[in-house]
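Everything on this sheet refers to the single structure shown next.
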């Protein structure tokens, strides 16, 4: 929540009470009927009536709080300030009018001036707790947290003049400040004290919900959020949208992703301009592997706040994921777009949410790897590790970059660093399998894939690579089983269909091999290896004409294919032998 959001709520409790002000005097009753009329004195004469200007000031403050448009709100506060200063000119030693002056400056984000006005009030009433509370809020906005907390504590300790407010305001901001310092347990105590005084204070219930969420107390968080929505009053500048956002985050914490999406939808219906909520929704959609939909959410957030680092990071991540599954001709374009988003994130507003710049350097490295810029990718991932030396995924990415550079020693070293931090990191074991396979250490590769799949048996890519290792080891039946595990998870895996066909061909099960290669070519008609494999299988089945057609097509795509060349030569020799007969 922004400081402005917090500060605008300062006069929130007094707003409801101000409705009773019209009973105070006949003059004020006239003010309630028409602010414009009251400002026009007969014959333009100056009105030297302190209570008149004080009441007019309060009335304009209330009017400002009711304005939806920012310009109208500013105009009302300007009128309030003018009226307040007229009152001060008449009674410069009245503490309450200085406190009112301080509140206007606070709500217009003139924090040093607000503190000064509160100090003037304290000259005339040293025990004016509301003035000290306003100073607490102003110091908090200036990020002088320790000073702010001291002032809230002082206001509560003195417990003197609270004006139209009560100690609930000081307890609330004590909680807000403690939460900013991540002292959520102490913040909860402060919110409870607030709610003892104002039990239907939705904003306090919402902040209590936030604190429970931060402490991962999901059921208590949901209870407080639902209570805030049930009461649905005293929101100040906030709205129920912030509560729905926290409900969404809580459901995410519980891995109830569909419920989280529903909560974010509620929040965005109320406040479609909340970039933070769009980002939170995008992150959940990414968890659900709805990558295109997540990208839409991140783009919406960036449209609202162009330099929002966390939203730009989300874009970068989504584009990288889309590139992995894209056709080869589209991959480069997507990685370039991802790179642009990552670099914009790093140059952005430094609002990373629960992420950090390390995540952006990591994703930037992935994008650079995708475009074949391995040295730059290595430099980028080194920046990520420099920021966060415990970043497991970053060490894994460093390992992958070294793998692309064929520096298998350094690749293995980075992989070991990743697994030393988290031995349950499944992708670390899968990367280890890649490194050992590249070095033709197939037994070690198989062991690594087995470890990884024991942790995460739902990774089709790992099952596919495991089938290739088993093929290299000559265990063709197990290679088929592994490829079929991959296909159970992803029926469109071209590589898994190809591996299945290769293993079936090695077992001389040529008819089934042809069926597997057909599946490959249905998905990618220019897969030269599958054309070669099918041609070889047809050759062994005596389907020479079809075999020759496949092999010629394979060589047109890959003239260096030795197996296709050799099989085509064998076909030619057989054809010559039949001709000689």
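Footprinting exposure proxy ranking of 158, 61, fewest other C-beta atoms within 10 angstrom first, gives 158, 61. Given bins 5 angstrom wide, list per bin the percent of all Cα-Cα distances in the range 240-376, short to long. Binned Cα distances yield the sequence 2, 13, 20, 22, 19, 13, 7, 3, 1, 0.
Relative contact order of the chain, please, whole-number percent, based on alpha carbon pairs below 8 angstrom and at least 6 residues apart. Over the chain, the number comes to 5 percent.
Rounded to the nearest 10 degrees, the inclination of helix 291-304 to the longest alpha-carbon principal axis of the chain is 30 degrees. Each peptide in 547-553, 202-208, 467-473 receives the mean, over its residues, of other Cβ atoms within 10 Å, and ordering these scores from highest gives 202-208, 467-473, 547-553.
Distance between the C-alpha centres of the range 355-371 and the range 460-537: 33 Å, rounded to the whole angstrom. The radius of gyration of the Cα set in the range 525-581, together with its Dmax, comes out at 10.9, 37 angstrom. Placing pseudo-labels 7 Å out from each Cα toward the beta carbon at residue 216 and residue 424 gives an inter-label distance of 1.1 nm. Under the simplified labelling scheme, the residue 354-residue 48 pair shows an inter-label distance of 6.4 nm, with each label point 7 Å from Cα along Cα→Cβ. Full extension of the chain between residue 197 and residue 296 yields a length gain of 31.3 nm, computed as 0.36 nm times the residue separation minus the alpha carbon distance. Report, in degrees rounded to the nearest 10, the 0 to 90 angle that the Cα long axis of helix 168-180 makes with the longest principal axis of the chain. Helix 168-180 and the main axis of the chain meet at about 30 degrees. Dividing the summed helix terms, -39500 (n - 2.57) for each DSSP H run of n ≥ 4, by the number of residues in the chain produces a 222 nm estimate of -24500 deg cm²/dmol to the nearest 500. Each of 72, 440, 519 was scored by other Cβ atoms within 10 Å of its Cβ. Arranged with the fewest first, they read 440, 72, 519. Model label sites at residue 416 and residue 560, defined 7 Å from Cα along the beta-carbon direction, differ in position by 3.3 nm.
Checking (1) 28.9; (2) 24.7; (3) 32.4 against Kirkwood radius over Cα pairs in Å calculated from these atoms, the matching label is (1).
Contact order, relative form, for the range 311-461: 14 percent (alpha carbon pairs under 8 Å, 6 or more residues apart, mean separation divided by residue count). Each peptide in 273-279, 364-370, 171-177 receives the mean, over its residues, of other Cβ atoms within 10 Å, and ordering these scores from highest gives 171-177, 364-370, 273-279.
Working from Cα pairs under 8 Å separated by at least six residues, relative contact order for the range 525-581 is 33 percent. Compute the long axis of helix 374-387 from its Cα atoms, compare it with the longest principal axis of the Cα atoms of the chain, and write down the angle in degrees, 0 to 90, nearest 10. Orientation of helix 374-387: about 40 degrees from the principal axis.
Ranked by the mean number of other Cβ atoms within 10 Å per residue, highest first, peptides 132-139, 522-529, 83-90 order as 132-139, 83-90, 522-529. The separation of the range 290-339 from the range 89-141, counted between C-alpha centres, amounts to 48 Å.
Pairwise inverse Cα distances across the range 439-581, averaged and inverted, put the Kirkwood hydrodynamic radius at 15.8 Å.
Computed from the coordinates by the stated procedures, all read-outs in this text should not be read as laboratory data. No experiment lies behind these values; they were computed from the predicted model shown. A quick note on method: Cβ atoms are made from the backbone with ideal geometry, for glycine too, and the neighbour counts reach across all protein chains shown.
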